[in-house]
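See below for the structure under consideration.
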Amino acid sequence: MDSRERARDFRGELAAAAALPDVDARLARFAYLAASNPGMIETIQLDKALRAIPADAPNSFTTVRVVLAGSPTLDHLLPAIRVAALSRGLVAHVTAGRYGQYRQEILGAESPLGRLAPNTLVLSIGSGELVGGVPLSATRAEVDDAMRRSVQELRELWQVARERFGVGVVQQSFLDTTQPLFGNQERLVPAAPARLVSRLNDAVADAAASDGVLLLDVATASARDGIDAWFDVRHWLQGKMEIAPAAAGRYAELLARLLGAQYGKSKKCLVLDLDNTLWGGVIGDDGLGGIKLGEGSAVGEAHLALQKYAKQLKERGVILAVCSKNEPAIVEEVFSSHPEMHLRRSDIAAFAVNWRDKAENLREIASRLNVGLDSLVFVDDNAVERARIRESLPMVVVPELPDDPASYVSALARAGYFETTAFTEEDRQRAEQYAANAERDAIREASQSVDDFLRGLEMRVIYGPVAPVDIVRASQLINKTSQFNTTTRRTTDEALSQLAAAPDNMTLQFRLVDRFGDNGLVCVMLFLGDRNSEVLELTSWVMSCRVFGRELEHEALNIAVETARARGVRVIEANLVPTPKNGVIKDLFSTLGFERVTDTAPGEGATRWRLRLDVYVPRATHISRMERQ
Amino acid sequence: MTEQDLLDMFTRALRDLLGNDSIVLRTDTTRGEVPGWDSFNYINFIVAIEAELGIKFRIADVESFATVGDIVAGAKALLSARKR
């Protein structure tokens with residue numbers, strides 16, 4: 001949950017928001033209240049106001065349909081889930097399955113899932129359902145066997161759900177609601193209750209990782225918070241609620257992080273202040289020897305811990321930036337000469353050290369990195385600076401920092417800003433790719449002309465259909481890309497696999513390699529077709545902002561046209577659906593030689609385009625090709 | 001906390017929960033008299049006042065509360081037991 005201060009006159013603010021005539025404005029205001037750490041009663045009020053908006057009222061928020069199925073009672077979680085999803089910019093239509101009916105709902109002929117057509121299915125099953133029958137006397141081998149059977153049953157449910165309904169599956173891990181039976185011996189007895197739950201959690205996590213199922217990890221969260229914060233035996237006895245009503249908000253927050261990550265709502269860039277944030281003290285006053293950093297002082301170690309955490313975030317794909325009011329030369333000296341600095345200058349992808357207003361600097365950082373302002377998390381110890389940024393750039397997340405630097409890392413870590421649904425090779429390399437981009441920028445500045453620059457990059461595109469090995473990265477790209485995205489249609493791994501496997505459709509993925517390195521899989525085109533038609537519909541075309549201005553869109557279309565011609569296709573049609581974020585491609589299709597089709601208006605502001613392949617003239621680029629075998 | 005303090009607090013919580021400022025709880029009010037105070041909102045109401053007062057009702061009591069006065073009496077008993 002955002003650590004913005006809780007709104008004071010909540011009901012007054014809610015009433016004012018609900019009175020806004022414009023649906024988008026109303027949702028935006030509700031989203032702000034949803035992110036202001038509402039309590040249980042406030043959440044219910046907010047949910048009521050949210051549900052008063054008709055489900056079919058047009059709005060610019062991403063809509064997701066979620067079904068919760070499982071063994072315990074789940075209805076009490078729905079208001080909090082809708083509110084937490086909204087705090088991440090998602091309008092969620094959430095339904096809970098019937099108590100104990102998850103098997104029938106997935107496997108049965110009359111499944112409600114077909115009618116509800118969810119994007120995401122959350123399976124919330126008590127551990128008792130799966131391992132409750134294992135006798136205390138079971139041997140290690142018998143427990144292994146029971147574990148295998150339980151996990152196998154789950155995997156079959158996952159598979160059926162994905163194939164039958166095209167849903168993304170989220171498996172909830174298992175709360176340990178057992179009472180100690182053996183005490184210290186608990187972990188040594190194969191069938192001891194707590195031991196079974198703990199093994200089940202490990203086994204299901206492994207299965208989820210190999211099957212591409214997402215894990216809603218309430219087990220880890222409850223181990224951190226204490227099981228009493230999550231499970232209240234009175235509510236279990238009264239209404240078979242496994243997640244206590246008081247924990248609904250926390251549960252919903254964890255789920256919303258997963259949903260947000262799937263739909264590209266996670267943050268991408270951590271922007272750090274320097275004085276009293278990355279180190280203790282003020283470098284301009286205290287000097288290189290006077291600031292507190294690293295071994296020898298508890299405060300210095302606390303700041304070092306933040307640097308180490310930031311470095312780990314970088315290693316998992318988060319971009320780092322610095323925004324500080326300081327003399328640039330003095331700061332450069334800290335990075336180059338202070339022996340305890342853990343972050344190197346090369347870890348920082350954008351460096352804004354000057355005396356200008358920080359809001360202006362944040363804008364500059366976002367534009368230099370080609371990310372939205374709403375992808376930034378700004379960490380600053382100074383409450384005045386924080387308030388100023390919240391005021392002038394409300395889309396930037398500004399966590400409330402505790403007074404004590406000792407708690408900076410946990411405040412940042414627990415907020416879950418940078419949640420992802422996968423850890424891909426692209427994530428591992430992102431930091432290097434941003435650093436390489438800085439080198440490319442340097443060449444661009446030194447080059448006489450754009451032509452010189454592009455030739456100097458020695459670019460190569462490696463392309464082919466979207467194969468099973470590409471699915472995770474391709475769907476991540478489709479779901480996270482907001483700028484170069486023709487329809488902003490989101491997908492799931494399952495839906496993309498099905499689309500790519502159907503012989504009537506045509507899919508293409510492109511990696512761009514240049515002399516500074518491999519940019520990874522940076523562009524995807526999805527075409528729907530049917531065997532008998534000579535027309536392909538380009539339903540999604542996305543390209544990473546890292547490779548803007550490199551002529552890749554031209555080469556990708558050249559390749560697409562050749563591939564389509566080889567299938568006997570004569571026409572490619574496409575919609576361009578404008579959003580507040582994809583202005584960069586507003587002239588894409590006209591530039592590429594598509595004709596505007598005037599007779600169809602597929603939706604609000606959308607335009608329709610057609611490319612005749614018999615008259616298409618490929619455009620020469622500076623990119624050589626290599627087809628992936 | 002006096003009986004009236006608890007009644008006021010309960011009234012405020014229920015007004016917020018149901019979004020209805022015309023609610024005034026008395027000791028003899030029953031759940032059926034308040035529009036929208038269904039079993040789902042009854043649980044929410046109990047959880048909210050438990051959190052605010054830092055008490056936990058016994059399950060038998062939650063099942064047997066007939067009037068708001070019963071809830072007030074239950075809360076008072078738990079609060080004074082805590083003081084001792």
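The values are calculated or read from the model by the stated rules, or taken from the named source; none is laboratory data. Fair warning: this is a prediction, and the values are worked out from it, not measured in the lab. Using ideal geometry, Cβ is built from the backbone for each residue, glycine included, and neighbour counts are taken over all protein chains shown. For the accessible areas, the whole protein counts, side chains as well, though only heavy atoms, and no ligand, DNA or RNA atoms are used. Shrake-Rupley method; radii C 1.70, N 1.55, O 1.52, S 1.80 Å.
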For the condition farther than 19 Å from A:A248 by Cβ, within 12 Å of chain A (Cβ to nearest Cβ) and either in contact with a helix residue (DSSP H, G or I) (Cβ under 9 Å, 6 or more places away or on another chain) or of a type in the set (S, T, Y) (or both), what is the one hit in B:R26, B:R31, B:R15? B:R15
For A:L362, state whether it is touching a residue at least 60 places away in the same chain (Cβ under 8 Å), open to solvent by less than 50 Å² (accessible area, probe 1.4 Å) and among the aliphatic types (A, V, I, L, M). yes
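Every residue, every condition in (1) open to solvent by less than 20 Å² (accessible area, probe 1.4 Å); (2) touching a residue at least 24 places away in the same chain (Cβ under 8 Å), yes or no:
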site	(1), (2)
B:G36	no, no
B:S39	no, no
B:I43	no, no
B:E50	yes, no
B:R58	no, no
B:T67	no, yes
B:V72	yes, yes
Please return the ranges of helices (runs of 4 or more DSSP H) entirely within the range A:383-479 where 3 or more residues are of a type in the set (K, R), on the phi > 0 side of the Ramachandran plot and open to solvent by less than 30 Å² (accessible area, probe 1.4 Å). none
Restricting to the range B:16-34, count the residues that are part of a loop (DSSP other than H, G, I, E, B), open to solvent by 60 Å² or more (accessible area, probe 1.4 Å) and small (G, A, S). 1
Out of A:Q179, A:Q185, A:Q238, which single residue is surrounded by fewer than 19 Cβ atoms within 10 Å (Cβ to Cβ), of a type in the set (S, T, N, Q) and within 14 Å of chain B (Cβ to nearest Cβ)? A:Q238
Consider the range A:205-235. How many of its residues are more than 22 Å from the chain's Cα centre (by Cα), surrounded by 17 or more Cβ atoms within 10 Å (Cβ to Cβ) and of a type in the set (A, V, I, L, M, F, W, C)? 2
Out of A:L107, A:L77, which single residue is touching a helix residue (DSSP H, G or I) at 6+ places or on another chain (Cβ under 8 Å) and more than 14 Å from chain B (Cβ to nearest Cβ)? A:L107
Just a yes or no: is a residue in the range A:142-156 in contact with a helix residue (DSSP H, G or I) (Cβ under 8 Å, 6 or more places away or on another chain), over 25 Å from A:P112 (Cβ atoms) and assigned to a loop (DSSP other than H, G, I, E, B)? no
Residue by residue through the range A:246-303, note down the ones that are touching a strand residue (DSSP E or B) at 6+ places or on another chain (Cβ under 8 Å), more than 25 Å from A:D47 (Cα to Cα) and either within 14 Å of chain B (Cβ to nearest Cβ) or part of a helix (DSSP H, G or I) (or both). A:I283, A:G284, A:V299, A:G300, A:A302, A:H303
Only unsatisfied item for B:E50, checking (1) under 20 Å from A:E42 (Cα atoms); (2) among the charged types (D, E, K, R); (3) in contact with an Asp or Glu (Cβ under 9 Å, 6 or more places away or on another chain), is (3)
Among the residues of the range A:68-110, write down those that are of a type in the set (S, T, N, Q) and open to solvent by 20 Å² or more (accessible area, probe 1.4 Å). A:T73, A:S87, A:T95, A:Q101, A:Q104
